[in-house]
Amino acid sequence: MTAQRPTAIHQFVAGFSNGDAISNEARVLRDCFRGWGLSSEIFCETKRILPELRKDAHDISTCNPAPSDVVLLHLSIGSPVNEAFRALACRKVLLYHNVTPPEYFRAINPQTADSLARGRDQVRALAGVADINLADSQFNADELEAFGYTDVHVLPLVLDLDRLVTSPDRRVSRQFNDGRTNILFVGRCVANKCIEDLIGTIAVYTQSVDRNARLIQVGSYAGSEPYYAFLLARCRELGLDAEVSLAGSVTQAQLNAYFEVADVFLSMSDHEGFCIPLLEAMVHDLPVIAHGAAAVPETLDGAGIIFREKNFELVAETIGRVVSDAPLRNAIVEKQRERLARYRSRDLQAELRQHFAPLLR
């Protein structure tokens, strides 16, 4: 018997907030699905939805899809949402954003480590559950296949890059556009991002290359307070209180301002399933220097500068060259524009529909 065409494609997320990459993609995909003439809502545990967004997303207990409908799970961490998805009596699509290995958190945040370990167990348990398995990078697809998944397709993150060209926050622009060299990293304040290595690099940079420089890290430390405290202690130990700004969560306008005032984007992260801020930096013509771990080389796709060894002296020297050598900087920016053009040239909404086609007939 032929299955009915769905009337709805809903999404499950582990958390729903502003500025979160998966939340942002869920909004974009919801618009896509509605554009296909289907009902589409976002579901999450209510306690994981920001209070001001609770009209924009709904508790998972209220999701009652028809058997012919489709639910898409954004799989990124251990969550009851994953078990609820498994139990649904409808057609299913799984989109893997990667679950960070718990080893990064075991020493400093055991509770987060336990959640991640549970998440990786859930990833294994969900093999064979979905009708269609997607991953937002080949790195993540390879990991799913190692967990026992078959026929995994790659769909890069479907992003709304236009939001990055909105007006920057003037207060942030005035505060940080003060003649100092600004080295920026955007990403959550969590252990796998290796922010202590960013601090180690700025210590060397200010000692041996440019005393008039600062490091700015933008990203929430909610749930990672012990790691945040460790970073503050490390800054005090190195005498870098005035050279390091841990900005925490910011609005989109504030983030745009940080990109605008930055001279270099530096990533020392050890584990990234995609790393959207690399593309965001490219939108702002900000040269990228990054540790080539996990999916970072795939996301950069020939752009930016990749280093394999965390040699703080060499990284600091490279930053100095990029900041001071205009032809080198221009060449990096041009390669990044070419990479961004390749991303923009892909019709990701058409690719999305192609992946969903077996469920839409």
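Need the list of lysines near LYS193 for cross-linking: C-alpha distance under 16 angstrom, and skip anything on the same chain fewer than eight residues off. Once the sequence-local lysines are set aside, what remains near LYS193 is LYS310. Relative to the dominant Cα principal axis of the chain, helix 195-208 is inclined by about 20°. Would you be so kind as to identify which of GLY78, GLY179, LEU232 lies farthest towards the positive end of the dipole of the chain, taking Lys and Arg as +1 and Asp and Glu as -1 on Cβ and the Cα centre as origin? Sorting the options by dipole projection puts first GLY78.
Computed 3J(HN,Hα) for region 275-281, one whole-Hz value per residue from the Karplus formula 6.51 cos²θ - 1.76 cosθ + 1.60 where θ = phi - 60°, is 6, 4, x, 4, 5, 4, 4, glycine and proline marked x. Between the helical axis of 110-125 and the longest alpha-carbon principal axis of the chain there is an angle of about 40 degrees. Among SER137, SER173, SER267, the ranking by other beta carbons within 10 Å of each residue's beta carbon, starting with the fewest, stands as SER173, SER137, SER267. Couplings 3J(HN,Hα) of region 35-50, computed from phi: x, 7, x, 10, 5, 7, 9, 10, 10, 7, 5, 4, 5, 9, 9, 4 Hz, in residue order, whole Hz [Karplus 6.51 cos²θ - 1.76 cosθ + 1.60, θ = phi - 60°; x for Gly and Pro].
Applying the Karplus relation 6.51 cos²θ - 1.76 cosθ + 1.60 with θ = phi - 60° to region 82-87 yields 3J(HN,Hα) values of 5, 5, 4, 4, 4, 7 Hz, where x marks Gly and Pro.
Candidates SER39, ALA331, LEU144 compared by Cα position along the dipole of the chain: farthest toward the positive end lies SER39, with charges placed on Cβ. In terms of its C-alpha gyration tensor, region 164-344 comes out rounded, because the ratio a/c of the largest to the smallest axis stays below 1.5. Taking amide H positions as modeled 1.01 Å from N, with prolines and chain starts lacking one, the residues under 5 Å from VAL154 and 5 or more places away or on another chain are ALA135. Across region 164-344, the relative contact order, built from alpha-carbon pairs under 8 Å that are at least six residues apart, equals 25 percent.
Within a straight-line Cα-Cα reach of under 23 Å, LYS55 can be paired with the following lysines, leaving aside sequence neighbours fewer than 8 residues apart in one chain: LYS47. When TYR221, TYR343 are arranged by Cβ crowding within 10 Å, least crowded first, meaning fewest neighbours, the order is TYR343, TYR221.
Mind checking the dipole of region 1-119: about its Cα centre, +1 per Lys or Arg Cβ, -1 per Asp or Glu Cβ, Debye to the nearest 20? Let's see the in-between values first.
Numbers: 13 positive and 12 negative charges, 47 e Å.
Computed charge dipole of region 1-119: roughly 220 debye.
When only the Cβ of Lys, Arg, Asp and Glu is charged (+1, +1, -1, -1), the dipole of region 212-297 relative to its Cα centre reaches about 140 debye.
With charges only on Cβ, +1 for K and R and -1 for D and E, what is the dipole size of the chain about its Cα centre, in debye, rounded to 20?
Values: 38 positive and 46 negative charges, 139 e Å.
Taking the Cα centre of the chain as origin, the dipole is about 660 debye.
Neighbour counting of Cβ atoms within 10 Å sorts the residues CYS235, CYS32, fewest neighbours leading, into CYS32, CYS235.
Taking Cα pairs under 8 Å and at least six residues apart, what relative contact order does the chain come out at, in percent? Numbers along the way, then the final one.
Details: 663 pairs, mean separation 51.5, N = 361.
It rounds to 14 percent for the chain.
Starting from the Cα gyration tensor of region 269-361, take the square roots of the eigenvalues, sort them a ≥ b ≥ c, and report rounded, prolate or oblate (rounded when a/c is under 1.5, otherwise prolate if a/b is larger than b/c, else oblate). In terms of gyration-tensor shape, oblate.
Amide H to amide H, with H built 1.01 Å from N, PHE12 comes under 5 Å of PHE43, LEU72, LEU73, HIS74, counting only residues 5 or more places away or on other chains.
Need one word for region 43-127: rounded, prolate or oblate. Basis is the Cα gyration tensor (sqrt eigenvalues a ≥ b ≥ c); a/c below 1.5 gives rounded, then a/b vs b/c decides. Write out the running numbers ahead of the final one.
Numbers: a/c = 2.73, a/b = 1.44, b/c = 1.90.
Cα axes put region 43-127 in the oblate bin.
Here is the tail figure for the chain: Cα pairs spaced more than 31 Å apart come to 36 percent of all pairs.
None of the figures in this text is laboratory data; all of them are computed from the coordinates on show. Note that this is a predicted model, so its numbers are computed, not measured. Here the Cβ is made from the backbone with ideal geometry for all residues, glycine too, and neighbour counts use every protein chain on show.
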